[in-house]
Amino acid sequence: MIPVLIVLNAGSSSLKFQVYDMVDGAEPRLVWKGLYEGLGGAARFAVKDKGGAILEEKTWDAGDETGHEAALMHLVAWLSQFREERKPVAIGHRVVHGGEAFSVPVLVDESVLQRLEALVPLAPLHQPHNLEPIRIVRRRLPGMPQVACFDTAFHQTQSDIATLFALPREMRERGVRRYGFHGLSYDYVASVLKDYDPQLAKGRVIVAHLGNGASLCALKDGVSTATTMGFSALDGLPMGTRCGAVDAGVIFFMLREMRLSPEEAESVLYKKSGLLGVSGISNDMRVLRSKAAGDPNARRAIDLFVYRITREIGSLVAALGGLDGLVFTAGIGENDVATRAEVIGGLAWAGLTLDEAANRSGGPRISAGSGPTAWVVPTNEELVIARQTRSVLGATQTKLAS
Ligand code: ADP
């Protein structure tokens, strides 16, 4: 019987999962991955093996019961067909916000869950969805160990100054500070960088996580020293539908002059801005690239995205006191040859030179010359959750045994 970990990443209408074998001493090994999407309506389930071959699919009608609870119980039932071979022993969850208190992953009990729920105001659009499956599992599978793994935790190494806003001191005391996100992705990249270039892993590296959400992280010897995201997941780079950094005065204009409610303003900044808002076409880089030659609005959205990335890289180079390497990761960073070329093209001043052929073939090294190097490193946030879950479980078992 192989003990397995379930990794869950819950969104407002989706639940992504991965199942890992836990073999003593070895890296957790992916067995199945899948998702539920369209939850609350006409939902769809698909599960693949580790090679990406579809094993099973199912769709539900709009009138069916398809919330997160139904999805989770469907997953448990699906897994039970393998009960002779594999036994789920814990669930690891992606939780966007760990606040100031949680700088490492944590085994969830009622008091931890309440403290995580108290952080909902810091990430109102993500945290409630991340916590919902934890509540459901506590009710439906009591006794199943659950570990919360945070997107903020990796950045807790940053200095006081790097995390401080120039706001009145009482606000800092209320937790208004830079936290930073995408930490599970940066944790993964930092953990594998030595396999690409051992010297670089000890150096000054900027990682560009460019997906639907996008941010940059400055690593020194594998440790986060600065990042573009701040108090919320809105700050920094423009994203698929999020605005990135805007002058805070814009929000007063939206409230007073445009007479938007706080909820409407929030929805504009989170859901109607970024690549989608500027192009008026799509939040999807593939769609924008396919239209960029003939549609000035698609081109403009891409140009702004690239301009903001290069500007923010300049800021992080200053924070690091120089640059040894730049790493691209996540959907756009791993796949969009043109974005990588355009960003590197804007960094000639920092000594970066593109290797065009290597960039076209996906790297891993995509720079030429003797300056800072550039790389493509596929991220793996779920593996980090599996690693962290196993390590928390191991620590708990050791504590119980002693
Ligand atoms: P999420 O933040 O939702 O995990 P992803 O990391 O999957 O997002 O990134 C989604 C983005 O990656 C989308 O803008 C998508 O267009 C882009 N992307 C995925 N594949 C490609 C590709 N082959 N070329 C260009 N962009 C791509």
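Every read-out reported here was derived from the displayed coordinates using simple, explicitly stated rules and does not represent laboratory data. Keep in mind it's a predicted model, so treat the numbers as computed, not measured. Cβ atoms come from the backbone with ideal geometry, glycine included; neighbour counts cover every protein chain shown.
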_Extension reserve of the GLU100-PHE253 stretch, reckoned as 0.36 nm per residue once the Cα distance is removed_ = 52.0 nm
_Tell me whether the chain comes out rounded, prolate or oblate; compute the Cα gyration tensor, take square roots of the eigenvalues as a ≥ b ≥ c, and use a/c under 1.5 as the rounded threshold._
rounded
*asked:* Between ILE161 and LYS194, how high is the FRET efficiency from 1/(1 + (r/R0)^6) when r is the Cβ-Cβ distance and R₀ = 41 Å? Nearest 0.05.
replied: 0.90
*asked:* Please report, in whole Å³, the volume per residue of the convex hull around the C-alpha atoms of the stretch 233-375.
replied: 118 Å³
*asked:* Give me the percent relative contact order of the stretch 104-222, please, defined on Cα pairs under 8 angstrom at least 6 residues apart.
replied: 19 percent
_Taking the Cα centroid of the stretch 309-386 and of the stretch 143-181, what is the distance between the two, rounded to the nearest whole Å?_
26 Å
*Max mean-square fluctuation residue, GNM over the chain, Cα-Cα springs under 10 Å, options VAL250, VAL104, VAL377*: VAL250
*Lys/Arg Cβ at +1, Asp/Glu Cβ at -1, dipole of the stretch 220-364 taken about the Cα centre: which of GLY230, SER273, VAL246 is farthest positive-ward?*
SER273
*Give the cross-link partners of LYS220 among the aspartates and glutamates, using a straight C-alpha distance below 18 Å as the criterion and excluding same-chain residues fewer than 8 apart.*
ASP160, ASP187, ASP195, ASP197, GLU312, ASP324
*aspartates and glutamates whose Cα lies under 16 Å from that of LYS48, excluding same-chain neighbours fewer than 8 positions away*: ASP21, GLU37, GLU56, GLU57, GLU382
*So between GLU84 and ASP303, what do we pick up on full extension, going 0.36 nm a residue minus the alpha carbon distance?*
73.4 nm
_Long-range HN-HN contacts of GLY244 with modeled amide H, under 5 Å_ = MET239
*Past the 19 Å Cα-Cα mark, which pairs from LYS16/LYS194; LYS16/LYS50; LYS16/LYS58; LYS271/LYS291?*
LYS16/LYS194; LYS271/LYS291
*What are the residues whose amide H is under 5 Å from the amide H of GLY67, where those residues sit 5 or more places off or on another chain and H is modelled from the backbone?*
GLY40
*Would you calculate, for the chain, the mean residue ellipticity at 222 nm contributed by helices, counting each DSSP H stretch of 4 or more residues as -39,500 (n - 2.57) and dividing by all residues, to the nearest 500?*
-11500 deg cm²/dmol
*Cβ charges +1 (Lys, Arg) and -1 (Asp, Glu), total dipole of the chain, debye*: 240 debye
_Just to be sure I follow the definition: excluding the sites themselves, where is the longest run in the chain that has none of the trypsin sites (Lys or Arg not before Pro) in a DSSP loop with at most 16 other Cβ atoms within 10 Å?_
273-402
*Hey, got a sec? Which chymotrypsin sites (Phe, Trp or Tyr not before Pro) in the stretch 1-85 land in a DSSP loop and have at most 15 other Cβ atoms within 10 Å?*
PHE82
_Loop-only GluC sites (Glu not before Pro) in the stretch 1-88, please: DSSP not H, G, I, E or B, and at most 12 other Cβ atoms within 10 Å._
GLU65, GLU84, GLU85
*Report, in whole Å, the centroid distance computed from the Cα atoms of the stretch 61-110 and the stretch 210-247.*
27 Å
